[in-house]
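Data first, discussion second: the structure below is written as structure tokens.
The values are calculated or read from the model by the stated rules, or taken from the named source; none is laboratory data. Since this is a predicted model, take the numbers as computed values, not measurements. Cβ: placed from backbone, ideal geometry, glycine included. Neighbour counts: every protein chain shown. Ligands, DNA and RNA are excluded from the accessible area calculation, which covers all protein heavy atoms including side chains. Shrake-Rupley method; radii C 1.70, N 1.55, O 1.52, S 1.80 Å.
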Amino acid sequence: MKKFFPLVICLLLIINSRIFSEDITILFATDTHSNLSPGAPRTPDLAGTKGGIARAATYIKQVRMEDPGRMTLLLHGGDAFVGDVFFNVTNGLRELNAMKMLGYDAMVLGNHEFDLGSNLLPVILNTTIQLGFRNFPIICSNLNSKSQVNYGLDTVVIGAKTIEQGNVNVGIFGLTTPKTNFYTQTDIIDGNLDSVVAANVAFLKSLNCNIIICLSHMGDVYDRQIAQNVEGIDLIIGGHDHKIFPIPETFDHNGKNTYYVQAGAFYRTMGRVNINYNNNQIENLDYDFVNIDENIEEDPDMKHFIDSLEEDANNSFRMNCFTEQIATAEDNFWESNGDLLTEGFKDTPVGNLVTDAFLNIMPEADIAIVPCGSTAQPLYTGPVVANDIFRMIGYGFNYVDIQHYKLATFDLLGIQLLGGLQIALKEINLDDELFIQCSGLEYAYYTNHDPTDRLILDSVKINGQPVKADSIYKIVTNEFVAQLFAVMLGSQLPNLSVSDTISEFDAVMFYLNQNPVITPVSEGRVKAVVDPNIGVEEITGRKPDFKVYPNPAKGIVNFSFEITEPGIYSMKIFNSMGQEISEILNYTLETGSHSKILDVSDFPDGLYLVKLTNGRINKSVNLLVN
């Protein structure tokens with residue numbers, strides 16, 4: 001008996017400290033943008049061949065049936081709202097209802113969830129709970145609870161969630177892109193990412209989570225930042241960019257990996273991660289994406305649900321949005337032009353189609369503009385239905401007639417237009433959100449110049465004529481872009497007029513009624529070129545922090561400079577006699593890269609000194625007017 005008792009104790013200790021092995025499957029979708037029905041390319045009878053939540057439902061059921069006892073999670077990477085006629089009818093209620101039917105475990109807030117407004121979003125999220133449309137949490141760990149526009153959102157959104165099954169405890173926290181603050185002109189999102197992430201990792205570890213997942217709607221740049229800077233994340237599921245990773249990317253932290261994946265958008269693809277957790281660590285992680293297409297049968301219950309939503313949408317829009325052909329595309333109209341820092345034509349067929357339609361319906365305007373971030377999807381070869389157009393334009397909502405943003409016109413001086421284009425080119429190394437597509441306008445930029453000095457000023461032409469700094473031009477765009485343009489320029493837009501009746505959707509539909517057969521064209525309205533006068537040493541070496549281009553000049557010039565200390569700055573121009581000729585700016589500048597455009601065509605020929613100062617820091621550059 002004495003020998004048996006120690007043996008029992010040893011067995012109990014072994015059992016309690018056993019090394020267990022578990023298999024976990026994580027399915028995820030992201031940036032679905034209310035695209036619940038199948039989309040183009042379409043069959044001759046107009047059936048969509050790609051995507052559709054009914055096909056996604058079948059795929060999800062198949063994976064769950066592989067091993068009913070295995071932990072299988074279903075996660076959404078944000079932007080479930082906005083981008084289809086469905087959203088403009090249901091305000092997101094039915095999207096969340098469909099997600100409940102699929103059995104989602106969590107969703108992170110995307111920036112487009114805020115398109116409803118910070119005041120209405122918590123109402124929608126609360127309503128879905130009250131109506132029984134949602135039983136899964138919405139998560140966002142970098143929501144700014146102190147923001148004045150929070151409106152109680154922090155009471156319906158949580159920072160993190162744990163899911164435990166068997167011996168595995170999975171912790172999930174969510175992150176929303178700080179760019180939401182720019183889009184909404186609020187401070188609703190905390191941009192101190194590294195500290196927020198580190199705090200969440202520590203919190204989930206304190207809850208004994210074996211696996212920590214970051215469900216991110218921040219985009220590739222931010223995702224890579226936290227993957228490199230913060231230890232303890234096992235898996236980052238990324239969204240916002242609509243990218244598809246063929247294999248996971250791996251970031252090593254002293255022998256412990258952080259895996260990073262993205263799997264597309266619009267329910268056209270979904271991602272799958274299989275994890276084998278063994279010996280208290282992730283022993284193996286496999287990732288792949290699956291195409292949700294005509295090879296997957298539609299789930300009957302979900303299809304019946306979507307059919308009823310289509311009928312509601314047809315009634316609300318007073319047209320057949322899904323099964324009536326309105327045009328034929330002779331080839332694919334691409335919406336994005338890849339790497340904006342490589343040479344070539346950068347106008348897209350989608351951008352050209354949309355801006356041509358704007359100018360067609362608003363002929364009093366000189367030019368039409370739309371940033372790439374304001375369009376969403378390609379048009380595909382073959383028959384086109386109304387909802388394909390809605391999805392192409394994608395983002396926009398107004399409360400007057402539930403359609404897209406209304407068109408807006410406003411006046412700009414030529415020099416203001418140049419300033420806006422310069423600002424829009426500043427971050428094209430990161431994304432194409434502000435990259436301008438246009439009609440009636442053409443411009444070129446240098447791929448190898450500093451971010452504040454990319455625009456080739458003498459390339460900018462309106463209807464074939466060089467832009468004049470002091471001339472007034474009428475611009476047509478959508479109402480949201482008009483607001484952003486005002487923010488970029490830091491001033492109100494003269495003669496701003498928002499249409500009561502004409503939306504983006506109306507404009508493109510009217511254009512297609514006149515032109516029912518369309519061919520994609522990229523014709524060089526926007527060109528990216530390499531400046532041959534800049535050598536490798538200049539590109540890679542240390543650059544001066546105060547520059548003027550072109551120099552010498554006899555027209556419009558651009559000053560680009562770096563601010564390392566925020567404060568009130570003054571920029572003045574002095575002639576060769578030391579006399580002050582002009583004060584270019586006198587206002588507060590934040591830390592970072594800045595630019596200022598000036599027309600010197602009226603300056604007498606000669607050498608000028610340009611000084612920038614805040615009283616402590618002084619910078620200067622010579623300008624030759626000739």
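I'd like to verify a number: residues in region 136-155 that are modelled with pLDDT of 95 or more and among the hydroxyl-bearing types (Ser, Thr, Tyr), how many?
Residues in region 136-155 being modelled with pLDDT of 95 or more and among the hydroxyl-bearing types (Ser, Thr, Tyr): 1 in total.
Of all the residues that make up region 171-191, how many are open to solvent by 20 Å² or more (accessible area, probe 1.4 Å) and of a type in the set (Val, Ile, Thr)?
So the count comes out to 2.
Hey, can you tell me all the residues within region 1-51 that are in a loop (DSSP other than H, G, I, E, B), open to solvent by 30 Å² or more (accessible area, probe 1.4 Å) and at pLDDT 95 or above?
Passing the criteria: Thr43, Pro44, Asp45, Ala47.
Going through region 125-143 one residue at a time, which ones are aliphatic (A, V, I, L, M), open to solvent by less than 30 Å² (accessible area, probe 1.4 Å) and either over 24 Å from Thr162 (Cα atoms) or within 19 Å of the chain's Cα centre (by Cα) (or both)?
Ile139, Leu143
Out of everything in region 329-347 that is open to solvent by less than 50 Å² (accessible area, probe 1.4 Å) and in contact with a strand residue (DSSP E or B) (Cβ under 7 Å, 6 or more places away or on another chain), what residue ends up being farthest from Gly524 (Cα to Cα)?
Ala329
Could you please find all residues in region 581-604 being in contact with a Lys or Arg (Cβ under 9 Å, 6 or more places away or on another chain) and in a loop (DSSP other than H, G, I, E, B)?
Hits for region 581-604 are Val600, Ser601, Phe603.
Could you please find all residues in region 529-556 being part of a strand (DSSP E or B) and at pLDDT below 85?
Result: Tyr549, Ala553.
Taking region 475-523 only, how many residues are open to solvent by 50 Å² or more (accessible area, probe 1.4 Å) and assigned to a strand (DSSP E or B)?
Number satisfying all stated conditions: 5.
Take region 158-167 and flag every residue that is surrounded by 16 or more Cβ atoms within 10 Å (Cβ to Cβ) and either in a strand (DSSP E or B) or at pLDDT below 95 (or both).
Ile158, Ala160, Lys161, Ile163
Does Lys100 meet the test of being farther than 26 Å from Val157 by Cα, out of contact with any strand residue (DSSP E or B) (no Cβ under 7 Å at 6 or more places or on another chain), open to solvent by 10 Å² or more (accessible area, probe 1.4 Å) and of a type in the set (Lys, Arg)?
Against the criterion (farther than 26 Å from Val157 by Cα, out of contact with any strand residue (DSSP E or B) (no Cβ under 7 Å at 6 or more places or on another chain), open to solvent by 10 Å² or more (accessible area, probe 1.4 Å) and of a type in the set (Lys, Arg)), Lys100 does not qualify.
Can you find a residue in region 348-363 that is assigned to a loop (DSSP other than H, G, I, E, B), at pLDDT 95 or above and open to solvent by less than 10 Å² (accessible area, probe 1.4 Å)?
If we filter region 348-363 for residues that are assigned to a loop (DSSP other than H, G, I, E, B), which is where we start, we get 348, 362-363.
Pick out the ones that are also at pLDDT 95 or above and you get 348, 362-363.
Retained after the next criterion (residues that are open to solvent by less than 10 Å² (accessible area, probe 1.4 Å)): 348.
Yes, some residue in region 348-363 is assigned to a loop (DSSP other than H, G, I, E, B), at pLDDT 95 or above and open to solvent by less than 10 Å² (accessible area, probe 1.4 Å).
Please work out if Asp458 is of a type outside the set (A, V, I, L, M), within 20 Å of the chain's Cα centre (by Cα) and open to solvent by 20 Å² or more (accessible area, probe 1.4 Å).
no
Looking only at region 245-254, count how many residues are assigned to a strand (DSSP E or B) and open to solvent by 80 Å² or more (accessible area, probe 1.4 Å).
1
Taking only region 52-74 into account, find how many residues are assigned to a strand (DSSP E or B) and among the polar types (S, T, N, Q). Lay out the reasoning, then the answer.
Here is the first cut: in region 52-74, the ones assigned to a strand (DSSP E or B) are 71-74.
This time we only want the ones that are among the polar types (S, T, N, Q), so: 72.
Going through region 52-74 one residue at a time, the tally reaches 1.
Tell me, yes or no, whether region 69-82 has at least one residue that is of a type in the set (A, V, I, L, M, F, W, C), open to solvent by 10 Å² or more (accessible area, probe 1.4 Å) and within 23 Å of the chain's Cα centre (by Cα).
No, because not a single residue in region 69-82 is of a type in the set (A, V, I, L, M, F, W, C), open to solvent by 10 Å² or more (accessible area, probe 1.4 Å) and within 23 Å of the chain's Cα centre (by Cα).
Could you run through region 557-580 and say how many residues are touching a residue at least 12 places away in the same chain (Cβ under 8 Å), in a strand (DSSP E or B) and open to solvent by 80 Å² or more (accessible area, probe 1.4 Å)?
Here the count works out to 1.
Against the definition (farther than 20 Å from Phe397 by Cα, within 23 Å of the chain's Cα centre (by Cα), outside any helix (DSSP H, G or I) and among the hydroxyl-bearing types (Ser, Thr, Tyr)), how does Ser118 come out, yes or no?
No.
Of all residues in region 280-292, which are open to solvent by 80 Å² or more (accessible area, probe 1.4 Å) and either assigned to a loop (DSSP other than H, G, I, E, B) or in contact with a Ser or Thr (Cβ under 7 Å, 6 or more places away or on another chain) (or both)?
Answer for region 280-292, where residues must be open to solvent by 80 Å² or more (accessible area, probe 1.4 Å) and either assigned to a loop (DSSP other than H, G, I, E, B) or in contact with a Ser or Thr (Cβ under 7 Å, 6 or more places away or on another chain) (or both): Asn280, Asn291.
Looking at Gly232, Gly271, which one is assigned to a strand (DSSP E or B), touching a strand residue (DSSP E or B) at 6+ places or on another chain (Cβ under 9 Å) and small (Gly, Ala, Ser)? Outline the logic, then answer.
Details: Gly232 fails: assigned to a strand (DSSP E or B).
One residue alone meets the criteria, Gly271.
Take region 255-268 and flag every residue that is in contact with a strand residue (DSSP E or B) (Cβ under 8 Å, 6 or more places away or on another chain) and outside any strand (DSSP E or B).
Those that are in contact with a strand residue (DSSP E or B) (Cβ under 8 Å, 6 or more places away or on another chain) and outside any strand (DSSP E or B): Gln262, Gly264, Phe266, Tyr267, Arg268.
Go through region 389-405 and give me each residue that's of a type outside the set (Val, Ile, Thr) and either assigned to a loop (DSSP other than H, G, I, E, B) or open to solvent by 10 Å² or more (accessible area, probe 1.4 Å) (or both).
Those that are of a type outside the set (Val, Ile, Thr) and either assigned to a loop (DSSP other than H, G, I, E, B) or open to solvent by 10 Å² or more (accessible area, probe 1.4 Å) (or both): Arg391, Gly394, Tyr395, Gly396, Phe397, Asn398, Tyr399, Asp401, Gln403, His404, Tyr405.
Kindly list, by first and then second residue, each pair from a residue in region 484-495 that is polar (S, T, N, Q) to a residue that is surrounded by 10 or more Cβ atoms within 10 Å (Cβ to Cβ), limited to pairs with Cβ atoms under 7 Å and residues at least 6 apart or on different chains.
Once the first residue is polar (S, T, N, Q) and sits in region 484-495, its partners that are surrounded by 10 or more Cβ atoms within 10 Å (Cβ to Cβ) give Gln492/Ala486; Asn495/Phe410; Asn495/Asp411.
Can you tell me which residues in region 144-156 are open to solvent by less than 100 Å² (accessible area, probe 1.4 Å) and more than 13 Å from Ile188 (Cα to Cα)?
Residue satisfying the conditions is Val156 alone.
Give the number of residues within region 192-240 that are buried (at least 16 other Cβ atoms within 10 Å of the Cβ) and touching a residue at least 60 places away in the same chain (Cβ under 8 Å).
Of the residues in that region, 12 qualify.
State whether one or more residues within region 423-437 are among the β-branched types (Val, Ile, Thr) and surrounded by fewer than 18 Cβ atoms within 10 Å (Cβ to Cβ).
For region 423-437, residues among the β-branched types (Val, Ile, Thr) and surrounded by fewer than 18 Cβ atoms within 10 Å (Cβ to Cβ): absent.
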